[in-house]
Amino acid sequence: MRVKIDNSWEKMLQSEFEKDYFQKLTTYVRQEYTEHRCFPPGNLIFNAFNTTPYDKVKVVLLGQDPYHELGQAHGLCFSVNDGVPFPPSLVNIFKEIETDIGAPMPTSGNLTRWAQQGVMLLNATLTVREHQAGSHQKQGWEEFTDSVIRILSDTREHLVFILWGSYAQSKRNLIDSRKHLILSSAHPSPLSAYRGFFGNHHFSLTNEYLIKHSIDPIMW
């Protein structure tokens, strides 16, 4: 695994790349991609970083694991490639957007348009083996992405961190709530969406906060 990452992120994360855990992670991921079909494609593992440079981040939306079926994952959490049917959680995200701000259901589940506006779509684990959800957890990715969250919290101001579900909410302690807005709710999964995701108004609340701090809002 060669780390091809935006220059702004490379500067911020260079010390992480040099740590022992990341060297072990690199070896593990390279072997997994050699021996198994894994997602996303190798050149898209750091897509969230390359699409949303460090200094352009306005919002951090945390996911847990990449999609693990063919053609879905492309390195942005909750997002799928053009032409791929919407996973159930993504359908519910679009439903909440429509209810919250009136934007109709889009024709594509590709959220690159969000990432280009400053929404960092960050999974806690950046790779996965086909058909095996969570298969690359606890190999070092979480340590890496925790560092990303901590760096953003410590070195930036007035970011919005969106934490859906208990796993994402476990990252709250990495974020300085005095400097940033933290929005938490149930996960958009069909198993939990009706227990607090629907009606959370996170999309309008995000934009209200950004505008308050003279930052351009997101066109959801």
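The values are calculated or read from the model by the stated rules, or taken from the named source; none is laboratory data. Every value quoted in this text rests on a predicted model; they were computed, and no experiment measured them. Methodologically, a virtual Cβ is constructed for each residue, glycine included, from the backbone with ideal geometry; neighbour enumeration extends over all protein chains shown. We work out accessible area using only protein heavy atoms, side chains counted, and drop any ligands, DNA or RNA first. Shrake-Rupley method; radii C 1.70, N 1.55, O 1.52, S 1.80 Å.
Hey, what's the range 137-201 come to in accessible area per residue, 1.4 Å probe, Å²?
48
Return a whole-number percent for the relative contact order of the chain, with Cα pairs under 8 Å and 6 or more residues apart as the contact set.
That works out to 22 percent.
With labels modelled as points extended 7 Å from the Cα through the Cβ direction, what inter-label distance (nm, one decimal) is found for Gln23 paired with Ile101?
Going from the Gln23 label point to the Ile101 one covers 4.5 nm.
For the chain, what is the number of Lys pairs with C-alpha distance below 19 angstrom, counting only pairs 8 or more positions apart or on separate chains?
Value for the chain: 16.
Within 12 Å, Cβ to Cβ, of Asp55, how many net charges do the neighbouring residues add up to if Lys/Arg are +1 and Asp/Glu are -1?
That sum, taken over residues with Cβ under 12 Å, equals +3.
In whole percent, how big is the carbon plus sulfur part of the accessible area of the chain, probe 1.4 Å, protein atoms only?
Heavy-atom surface of the chain belonging to carbon and sulfur, 1.4 Å probe: 50 percent.
Would you kindly compute the Cα radius of gyration of the range 1-114 and its largest Cα-Cα separation (Dmax), both in Å?
15.9, 48
Would you calculate the volume per residue, in Å³, of the smallest convex hull containing every Cα atom of the range 147-220?
Dividing the Cα hull volume of the range 147-220 by its residue count gives 98 Å³.
Per residue, how many Å² of accessible area does the range 27-71 show with a 1.4 Å probe?
Accessible area per residue: 46 Å².
In square nanometres and to one decimal, what's the mean projected area of the convex hull around the Cα atoms of the range 83-206?
Its average projected convex-hull area is 8.4 nm².
Given a 10 angstrom Cα cut-off, can you work out which residue in Asp20, Asp65, Asp154 is the most mobile in a GNM of the chain?
Of the options given, Asp20 has the highest mean-square fluctuation.
Can you tell me how much longer the chain between Ser214 and Glu157 gets when fully stretched, taken as 0.36 nm per residue apart minus their C-alpha distance, in nm with one decimal?
Full extension of this stretch gives 19.3 nm more.
First select every other residue whose beta carbon is under 14 angstrom from the beta carbon of Glu142; then total the charges, Lys and Arg +1, Asp and Glu -1.
That works out to +1.
Using a Gaussian network for the chain with springs between C-alpha atoms less than 10 Å apart, which of these wobbles most: Leu61, Leu121, Leu70?
Judging by the Gaussian network model, the answer is Leu70.
Ratio of Rg to Rh for the chain, alpha carbon only, Kirkwood?
0.94
Provide Rg over Rh for the range 170-213; use the alpha carbon set for both Rg and the Kirkwood Rh (inverse mean inverse pair distance).
My calculation of the ratio gives 1.03.
Using alpha-carbon positions, what is the distance between the centroids of the range 184-214 and the range 19-63, in Å?
What the calculation gives is 26 Å, centre to centre.
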